[in-house]
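Here is the structure we will look at.
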Amino acid sequence: MRLMAALCGLLCSCLIWAESTPFVPRPGVPSEAAQPQASLAPLLDWFSGDFANAEQARDDDRFASASLRLMEIWPGRPGVRWIYAEQSLAERAPRPFRQRIYRFSEASGGRILMSELTMPRATDFAGAWRQPELLDSLTPQQLSLRQGCEIWLHRQPSGEYQGHSDIGRCTTDFGGASTLVQYLWIGPDRVRLLDRAYDEGGKLRWGSPGEGYLYLRKMTERGE
């Protein structure tokens, strides 16, 4: 029963019916470009690679064992960088339960905007983190933006990045909830994801256990 609860908690945080709109790439905004901007490095170096929460799942049975694979795509676009992401359960690695593309752009005030986009026929691209050629047919124009679910990232005194989606803007109609708040922490060797979904009365309906899923960079990438 505890395993089933962990699986349900993980899958609920991913099967979110948020409003999607066609994504139209646009050039940088001149007024922002003229201001000091946050560098996308080392953020994108940290938010790339092969991660897993195996240690967390072993020590806390509220969490299902899962992997997070992150790979940069479409390089060479000034001021904008893209990450392809796959999440999969350890026991069903070839079949990811969540696939997204994240668009990172610099903004004023030391902030970085992380936008979440979905792709058509996502299952066609499963495994692209190890076979990048699977994405050759995909273009930014084919993506749909999850409107209102953008995350503004700020660098903390510790050096890590932290952010969350705006409260009340990321809509969902899953599991009796009406709004979702997503929290994200990114460090050199770890990514932590925490979801909280509330109904119209502000009651928590579902979300990640505890302080969220903690994905650690696999030891081979850490040089251990």
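Modelled spin labels at Ser158 and Ser144, positioned 7 Å past Cα toward Cβ, are 3.6 nm from each other.
Under 5 Å between amide hydrogens, built in the peptide plane, is the criterion, and for Trp206 it picks out Ala197 among residues at least 5 positions away or on other chains.
Legend: calculated FRET efficiency, Arg130 to Ile167, from the Cβ-Cβ distance at R0 = 30 Å, rounded to 0.05, equals 0.25.
Read-outs throughout are calculated quantities, based only on the coordinates presented, and are distinct from any laboratory measurement. Keep in mind it's a predicted model, so treat the numbers as computed, not measured. Ideal geometry is used to build each Cβ from the backbone, glycine not excepted, and the neighbour counts take in all protein chains shown.
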